[in-house]
Amino acid sequence: MNRYLPMLLLTAALAGASAQGLETPAALPMAPAPAAQMPQVSRQSVLRVPFALPESAVSAVIAQRLPEGARYLPGSSEWDGQALPDPLIGKNGTLYFRLEAPAQGTLRFRVVHGDTLAELELPALRLHFPGGREDVVSGRFDAADYASAAAPHNAENPGRLRLPLEGRVFRDRDRITVALEGQASDDLNVQLNGEPLARELIGKRTFDPATGAVRVEYIGVRLRPGRNLITGGGESVQVFLAGRPERLELEPLRLVADGSNPIELRLRALDANGVATGTSFVSVESNFEFLGEDANPGMAGYQLRLEGGEARVRLRPRTTPGELNIRLTLDELSLERSFRVAPDERTVGVGQLSATVGISQPSLGVTARAYLEAPLGDGKVYLAGSSDGLPTEPTAGSGFALTGDASTLEVPLQGLDPVAFRYDEDNFTLAYRQAPLPIDALPISGDYTALTLQTRGQDLSASGFAGRVPNATVHEQVVPDGTRLYILHRVPIEPGSESVERVVRDRLTGLEVRRTRLVRLVDYTLDPQTGALEFVRPYTAFDEQLNTQTLEVTYRPVDAGSHRSAAFGAQLSARFGHWTASLAGAYLQDQTSFGARLRYEVGTDRLDLRAATASGGVQLSAEGSTRSSAFEASGRVSYQDAAYDGPGASRVGTYAEGRVSADLGGGFKAVGRAEIAASDSEDRRRLETTVDYSADPWRVGAGLRLDLGNPAGLSLVGRGGYRNDRFSVDLSHAQSLSDVPSETELSARYALTRDVSVFARTQVNWLTGARSAFGLEGRLGGTNLSVAYELPGASGDGNRARFGADATLGLSDRVSLGLNGASSYDFVRDQAEFSLGSSLRYKSDELSATLGTDFSVRGGQLKTVVRGGITDSLSDGFSVGADVLSEFGASRGDRVSLSAALRESDWNSLGYLRFADGSLSGGRPELTAQWATTYQQADYQLRAALDARYLPSDPGSFALQTQLGATAYLNDRFGLGAVLRALSLPVAGTTEWGLGLEGSLRVLPGTWATLGYNPTGFSGIGSRYTLPGVYLRFDLLLDEVNGPLGGK
């Protein structure tokens, strides 16, 4: 019982007449009370009660009796930073806190008292277990007092100054009631922050003739933001008025990668005095997956609702350490933080060794697999090995679309070799696995299996890699056509080898504006056999700003892993205040390259300089920005010569663009722009200067544009615009005064919600052509959250990967919509391109459905892509689903699948039926089906399975394999099993039968010896020995219980 005993920590912050807890803001200046009416001292103490409770408990009641003279402060209860309902209060003053599924955490609450708080009794603890069982594991629990306990209603302060309650924080109003009691002869005047309250505020006065007691209530007393001291009747209380949120704060609560507990942080919105305030929604972005429902599906992104200015950020459990990046947005406030998620201290390990000896037909087969997580030194080691080779994908699946639960299967270590490891501690990470290379001074894309080292020094850090990597790497650049389906050319593809990046380049200079690596199973899926690359959202040739957009895909063909060559590299980084300098060198795929990077960032000032050399060529780039109240500047420049072909190689030539603006006062602003594109194929140098004037809601401007390249000339520039809270429109025109073409740009935007707008933008060069973009745009981008697809019996990751849809605008709590499109017209070639994409998503408690439809016209060819699916949880244990993908146009293809999952009581069953043809089957139509079910009892198990495959283009290919199996456990040491297999080729009229008999003996914990006999052999799919005759198999399982990890 002692292990359940809570520890009680008492923290009392006492400072004169002020009551201070951990969240109490600094005291504000106040006038001292008159000496003749020295107020009594009122103090607050914060009590903390940490608990570590058994996971089997479903709830707990904590009973804490307060010392004489102390009282509970209503509204102050928290569990691990999350607000709790007020406790029930028994007749003897005991507080009863009820916690649901408590596991572990800290209970915190406040008490108000006069003098020093007397010694506390240890709290009592009663646990509630499944089935109604209750157990008092600590202290004395008065069940009768608990049964009669009630919530505090209409609580008032003891003494004369009855209201407001001591320490209360007012968040929803700034006017309150002050109540003072005393005798008719007493001074019943009240002071607020040293100033007497006006007699006109007395709204109620009661008198008791029997006792002579008088109660005076001041109505509508106005508080000032922050702390307010109220004195009267020789007593004082302090209360707080929360103002509007001025800043956001994140406090880590649990940052441990243990694979079971979520990552948790406490979010607080604070006013200027440090008081938590606000009840609105906060938008949260993170590189980790969220856990829990979106608090407001009608808003773009993932939302949390503030309660009393606080909220809990919960993220999916992690199996391995990593860097958590998180961004919060509340109206105009934002906060970006990074946290290191550290490894836990538990040891988790499992190992399997199986050796099969054929006796009738002499043979030997050995299979070994192992995984280990264990503390080592000051860190933790992760080790994986398999004689069959490790997976090369970060997630693993069996092909079943539905898994029957909301869990995810992660592979912590991947690689091309049979062994991988990772060692993590605070100062460095050493690993041999498949992962991105730890070098950012060179833009190396893709994942590689290599030995890597990363140190994390405060001022100096180093990283490096060494390994043998595949030589054959394919780079494809996809120009998106507005649909969400593309076919890669080199197939089949090594699973998990791909890297997909979205690259945005400036529409005029071609400079790279943004490069974003997309996440597999979140942003896209890839069929490695057919090369079908599906995106959750459709991408167009231009983004919302009409900048050029491409998709860059890097991958390896399946045979590339057999041709590997040496690769190595290193990087050294140093920090000097706000500066970070990095030097790197790499030898990769028979090419040597060197790079340097210098970064500066503080506040709104940012600078990033890069230099790289490879094959005798050079690449240089710079990007920076600065902003103040009266001045703003930004720009980027790049240079690459013809010889450079190293990492990140782009267009040859010099390209630059920049913008600067200065506030001239009186609503006037001077704006200058410069653009350069100089190469063998183009020569464009442009300078533009304008003076803009703003008088809400209107804006106008005029200036000159000078083109110095080819063609060269002068243009007159004019612009105007209108903007209010919901609608904006901007028009600019450059009228040529010489040989350069005139240009016009028009954009409009209308806010449908706070975070979602419908926009349209078009730009016309009156000589060459026009381009346009339109659609729905979220302030945080679209949403593709796993929590938007999870159902009680359906895997969120699986659903999202199969038929996810990017939906920006919430039409209702259950329905959301995404819309985007683009168009362009070439005047010279008289050729138009057009695309339109839409996404619709529906989500209820039992059903999740999405539909995406895309149309594009390029080169006169219409392409249509339809992608959607539905999953329905018919019960907590039974789910069904269907999904479809179809392509129409120059390429024609379909893929349709039906799936089901049953996990109820003793039954477990998974199955799917899938058909693919045309471009989605690699040119060979195929129908496949798989079904597996298990019925489990304590002393026996029944199994059945079915696999089928049919190629419509080859009628004789139809193959069907069935399997029936049973195992009887005679006791805990001996078992008998039998399996019957059949492989049928209906067209050929043949059926192959296979029977297997086994008897197994547990000779040691985790060690089994099996004697088997196959009367006939079997050539179909079989996970066990299927040769005819007698065989002997030894199976050894090592884990924390069996073997060296557990010692039992």
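When the test is whether a residue is over 28 Å from the mean Cα position of the chain (by Cα) and of a type in the set (A, V, I, L, M), ALA311 does not pass it.
Against the numbered list (1) in contact (Cβ under 8 Å) with a residue 40 or more places away in the chain; (2) surrounded by fewer than 18 Cβ atoms within 10 Å (Cβ to Cβ), ILE326 comes up short only at (2).
Report whether or not VAL519 is crowded, with 20+ Cβ neighbours inside 10 Å, β-branched (Val, Ile, Thr), more than 30 Å from GLU743 (Cβ to Cβ) and out of contact with any Ser or Thr (no Cβ under 6 Å at 6 or more places or on another chain). Give the steps one after another, and end with the answer.
Details: crowded, with 20+ Cβ neighbours inside 10 Å: no; β-branched (Val, Ile, Thr): yes; more than 30 Å from GLU743 (Cβ to Cβ): yes; out of contact with any Ser or Thr (no Cβ under 6 Å at 6 or more places or on another chain): yes.
Criteria not met by VAL519.
Within the stretch 833-857, residues that are in contact (Cβ under 8 Å) with a residue 24 or more places away in the chain and at positive phi have Cβ atoms under 9 Å from residues that are surrounded by 19 or more Cβ atoms within 10 Å (Cβ to Cβ) and of a type in the set (Asp, Glu) in no pair, counting only partners at least 6 apart in sequence or on another chain. Name the single residue that is farthest from ASP187 (Cα to Cα) among those in the stretch 219-245 being in contact (Cβ under 8 Å) with a residue 60 or more places away in the chain and β-branched (Val, Ile, Thr). Per the stated criteria, the residue is VAL239.
The number of residues in the stretch 189-223 that are at pLDDT below 85 and among the aromatic types (Phe, Trp, Tyr) comes to 1. Taking the stretch 303-400 as the region of interest, the strands (runs of 3 or more DSSP E) fully inside it that hold 1 or more residues being within 30 Å of PRO1015 (Cβ to Cβ) are 348-358, 363-376. If ARG517 passes every condition in (1) touching a strand residue (DSSP E or B) at 6+ places or on another chain (Cβ under 6 Å); (2) of a type in the set (Lys, Arg); (3) farther than 28 Å from ALA462 by Cα but one, which one does it miss? In the conditions (1) touching a strand residue (DSSP E or B) at 6+ places or on another chain (Cβ under 6 Å); (2) of a type in the set (Lys, Arg); (3) farther than 28 Å from ALA462 by Cα, ARG517 misses (3) alone. From ASP135, ASP145, grab the single residue that is in the same structural domain as HIS113 (by TED's automatic domain parsing), in contact with a strand residue (DSSP E or B) (Cβ under 9 Å, 6 or more places away or on another chain) and part of a helix (DSSP H, G or I). Checking each option against the conditions leaves just ASP145.
Filtering the stretch 36-47 for residues that are in contact with a Leu (Cβ under 6 Å, 6 or more places away or on another chain), closer than 24 Å to PRO164 by Cα, surrounded by 20 or more Cβ atoms within 10 Å (Cβ to Cβ) and at pLDDT below 70 leaves a non-empty set.
Only one residue in ARG318, ARG268, ARG227, ARG305 is surrounded by fewer than 22 Cβ atoms within 10 Å (Cβ to Cβ) and charged (D, E, K, R), so which one is that? Steps first, answer last, please.
Details: ARG318 fails: surrounded by fewer than 22 Cβ atoms within 10 Å (Cβ to Cβ); ARG268 fails: surrounded by fewer than 22 Cβ atoms within 10 Å (Cβ to Cβ); ARG227 fails: surrounded by fewer than 22 Cβ atoms within 10 Å (Cβ to Cβ).
Just a single option satisfies the conditions, and that option is ARG305.
Residue check: ARG205 meets all listed conditions (1) free of Cβ contacts under 8 Å to residues at least 12 places away in the same chain; (2) loosely packed, with under 14 Cβ neighbours inside 10 Å but one, namely (1).
From GLU251, GLU181, grab the single residue that is closer than 30 Å to THR347 by Cα and outside the structural domain of GLN44 (by TED's automatic domain parsing). Give the steps one after another, and end with the answer.
Numbers: GLU181 fails: closer than 30 Å to THR347 by Cα.
It is GLU251.
Scanning the stretch 899-908 for residues that are in a strand (DSSP E or B) and surrounded by fewer than 16 Cβ atoms within 10 Å (Cβ to Cβ) turns up GLU904, TRP907. If you go through the stretch 909-920 one residue at a time, do you hit one that is surrounded by fewer than 14 Cβ atoms within 10 Å (Cβ to Cβ), more than 30 Å from THR1007 (Cβ to Cβ) and in contact (Cβ under 8 Å) with a residue 40 or more places away in the chain? No.
Criterion first (at pLDDT 85 or above and under 30 Å from VAL1030 (Cα atoms)) does PRO362 satisfy it? Criteria met by PRO362.
Going through GLU332, GLU373, GLU336 one at a time, which residue ends up being acidic (Asp, Glu), at pLDDT below 90 and surrounded by 14 or more Cβ atoms within 10 Å (Cβ to Cβ)? Talk me through it step by step, then tell me what you get.
Numbers: GLU332 fails: surrounded by 14 or more Cβ atoms within 10 Å (Cβ to Cβ); GLU336 fails: surrounded by 14 or more Cβ atoms within 10 Å (Cβ to Cβ).
Going through GLU332, GLU373, GLU336 in turn, just one is acidic (Asp, Glu), at pLDDT below 90 and surrounded by 14 or more Cβ atoms within 10 Å (Cβ to Cβ): GLU373.
Residues checked against (1) closer than 27 Å to PHE834 by Cβ; (2) assigned to a strand (DSSP E or B); (3) modelled with pLDDT under 90:
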| residue | (1), (2), (3) |
| --- | --- |
| PHE421 | no, yes, no |
| PRO438 | no, no, no |
| PRO443 | no, no, yes |
| GLY464 | no, yes, no |
| VAL491 | no, no, yes |
| VAL500 | yes, yes, no |
| ARG514 | yes, yes, yes |
| THR525 | yes, yes, yes |
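Scanning the stretch 643-668 for residues that are closer than 29 Å to VAL691 by Cα and in contact with a Gly (Cβ under 8 Å, 6 or more places away or on another chain) yields TYR655, ALA656, GLU657, GLY658, ARG659, VAL660, SER661. Condition check for VAL112 on (1) surrounded by fewer than 18 Cβ atoms within 10 Å (Cβ to Cβ); (2) at pLDDT below 80: one failure, at (1).
Residue-wise test of (1) closer than 30 Å to ALA751 by Cβ; (2) among the β-branched types (Val, Ile, Thr); (3) in a loop (DSSP other than H, G, I, E, B); (4) in contact (Cβ under 8 Å) with a residue 24 or more places away in the chain.
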| site | (1), (2), (3), (4) |
| --- | --- |
| ASP680 | no, no, yes, yes |
| GLU688 | yes, no, no, yes |
| GLY709 | no, no, yes, yes |
| LEU714 | no, no, no, yes |
| ARG719 | yes, no, no, yes |
| ASP725 | yes, no, yes, yes |
| VAL729 | yes, yes, no, no |
| HIS733 | yes, no, no, no |
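Which one of these is over 25 Å from the mean Cα position of the chain (by Cα) and either closer than 23 Å to ARG761 by Cβ or of a type in the set (A, V, I, L, M) (or both): SER835, SER879, SER891? Quick ask: steps written out before the conclusion?
On the way: SER879 fails: either closer than 23 Å to ARG761 by Cβ or of a type in the set (A, V, I, L, M) (or both); SER891 fails: either closer than 23 Å to ARG761 by Cβ or of a type in the set (A, V, I, L, M) (or both).
Exactly one of SER835, SER879, SER891 is over 25 Å from the mean Cα position of the chain (by Cα) and either closer than 23 Å to ARG761 by Cβ or of a type in the set (A, V, I, L, M) (or both), namely SER835.
In a residue-by-residue description of the stretch 596-606, the property of being touching a residue at least 24 places away in the same chain (Cβ under 8 Å), in a strand (DSSP E or B) and over 30 Å from VAL671 (Cβ atoms) applies to at least one position.
Only residues that are among the charged types (D, E, K, R) and at pLDDT below 90 were counted in the stretch 686-712, giving 1. Checked against (1) assigned to a strand (DSSP E or B); (2) of a type in the set (Lys, Arg); (3) modelled with pLDDT under 85, ARG537 passes all but a single condition, namely (1).
If you filter the stretch 445-462 down to residues that are at pLDDT below 90 and polar (S, T, N, Q), you find that the one that is surrounded by the fewest Cβ atoms within 10 Å (Cβ to Cβ) is GLN458.
The values are calculated or read from the model by the stated rules, or taken from the named source; none is laboratory data. For clarity, every value in this text was computed on a predicted model and none was experimentally measured. Using ideal geometry, Cβ is built from the backbone for each residue, glycine included, and neighbour counts are taken over all protein chains shown.
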